[in-house]
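Heads up, the thing below is written out as structure tokens.
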Amino acid sequence: MTSGTPEQGHIGRRTVLKGVLGAGALAGTHAALAGPANASVNDGERGVEHGWGKVADAFRANFTNPGEVGAACSVYVGGRPVVNLWGGRADREANRPWRENTIVQVASTTKGATAICAHLLVQRGLLDLDAPVARYWPEFAAAGKEQIPVRWLLSHQAGLPIVDGPLTFEQACAWHPVIRALEAQQPLWQPGTEHVYHSVTYGFLVGEVVRRITGKSLGTFFAEEVAAPLGLSAWIGLPERQEKRVARLHEAAPFSYEELLAGLIASTGLDAETVTAWVNAVWAPGSVQARAGELGGALTTPGYHTTRAWRAAEFPAANMLADARSVARMYAATVSDVDGVRLLDPSTVERMTDVQTDTTPMHGLPPGLNVPADRSFWMSLGFWRACPPMPMTGPASFGHPGSGGSIGFADPDAGVGFAYVTNLWNYRPDDPRAANLAKAVRSCLG
């Protein structure tokens, strides 16, 4: 759950970091709270329903402390929009304002959309989570993978977080070369006995299963079965005609190794010795987690994630572009009826949100080091579950954060669909922006 590629960073003692744990940083009417690029948004409550002003206050405050360039937040309750806010600048250098239709990369928040696609197939009886992946994708059985069930792809327990490579960026964008590499790849551990974040391979693994069943790419299936029924402005594989809506990414100030440790200690509640040993083992240069975001060398060129080629391709773990309203509306439709559309029934939601990583250790930890899953990687079948570092709005909440600060989630108990997106990518594990907004939502729920 790291960043820098943008999904993976590299750690060195006393080096300045662009960020680690970016993918784990938490997280009505249609009117903007627009304002200056780096200051506060203008006063106004036009983007919120009565009783939801605390969310607007938190959104406005984020522009002052810790600071934003541009951002948006949307909240649905019971299938209805109650908050829809946006403000700041979509491009600081060009002084382009963030508008209602601005879209932005949401990094690993994409993984939640991909998981929803998989569970739609489960719900329709087309995909069995306990069946071997090879039932749907026969070539996957090579190199000792014949017994890996589908559920281990979704729970990051398949032992395939890296590709040995070498792969080029062009090959990664073409999809099939990555699939061929994954077919030949041996698991790094006995599948099902450990877990580690499959930063980029998650999207290819789950996406290929969806493609084998439906004959459609993950991006096409998402567009037809999720985005179109709900009227979303969200794409995994962005059409060129939508390029003018894309917000430019800006990066927050880098931070030190010591600041990383302090942020993790604060956000997880773990002691300093445990956090230090965990970070040094799992994110050290050359570690599995450090390599997970490189995709066999394909994603090592600086700035690749700002290119048209990246946005046009399908990386179902990492490159959805969307506005906050669409991400919140998508999650709302997993727990409520949204304008006549409900994506998932309650039994599907109950099954897919059962935590999977509480019975297996994290790969790469030294013997004897105990890092509880609910403080590090509280993963169900494609979704993070609410946990102390990421409380969302209640214990039943589920969703997925993204490198840089975005997050989308649902709370089935409260009927909430929530999203926060930003173009100021901050990789600190104690980034408070989405957490401030989620806290405000909890307060408004009562």
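Taking packing as the residue-averaged number of other Cβ atoms within 10 angstrom, the listed peptides 316-323, 117-124 run from highest to lowest as 316-323, 117-124. About the centre of its Cα atoms, segment 252-317 shows a dipole size close to 420 debye [charges on the beta carbon of Lys, Arg (+1) and Asp, Glu (-1) only; nearest 20 debye]. Using a probe radius of 1.4 angstrom, the carbon and sulfur fraction of the accessible surface of segment 316-438 is 49%. Projecting the Cα atoms of Ile103, Leu120, Pro161 onto the charge dipole of segment 86-189 (Cβ charges, centred on the Cα centre) puts Ile103 farthest toward the positive pole. For the chain, the mean residue ellipticity at 222 nm estimated from helices alone is -8000 deg cm²/dmol, where every DSSP H run of n ≥ 4 contributes -39500 (n - 2.57) and the total is divided by all residues, rounded to the nearest 500. For segment 179-288, a crude dipole built from +1 on the beta carbon of Lys and Arg and -1 on the beta carbon of Asp and Glu, taken about the Cα centre, is about 660 debye to the nearest 20. For the set Lys145, Lys54, the ranking by accessible area, highest first and with no ligand, DNA or RNA atoms included, is Lys54, Lys145 under a 1.4 Å probe. The residues of the chain expose on average 34 square angstrom of accessible surface per residue, using a 1.4 Å probe on protein heavy atoms.
Looking at Ala277, Leu299, Pro346, which one has the Cα that reaches farthest to the positive end of the dipole of the chain (charges on Cβ: Lys, Arg +1; Asp, Glu -1)? My answer, from the dipole projection, is Leu299. Accessible-area rank, largest first, for Lys439, Lys111: Lys439, Lys111, with all protein chains present and a 1.4 angstrom probe. Sorting 343-350, 375-382, 85-92, 134-141 by average packing, meaning the other beta carbons within 10 Å per residue, from highest down gives 85-92, 375-382, 134-141, 343-350.
In terms of the mean number of neighbouring beta-carbon atoms within 10 Å, the peptides 173-180, 237-244 order highest first as 173-180, 237-244. Placing +1 on each Lys and Arg Cβ and -1 on each Asp and Glu Cβ, with no other charges, gives the chain a dipole about its Cα centre of roughly 760 debye.
The values are calculated or read from the model by the stated rules, or taken from the named source; none is laboratory data. Just so it is clear, the structure is predicted and the values come from calculations on it, not from any experiment. When we count neighbours, we look across all protein chains shown, and the Cβ atoms used for this are built from the backbone with ideal geometry, even at glycine. To get the accessible areas, we keep the full protein, side chains included, count just its heavy atoms, and leave off ligands, DNA and RNA. Shrake-Rupley method; radii C 1.70, N 1.55, O 1.52, S 1.80 Å.
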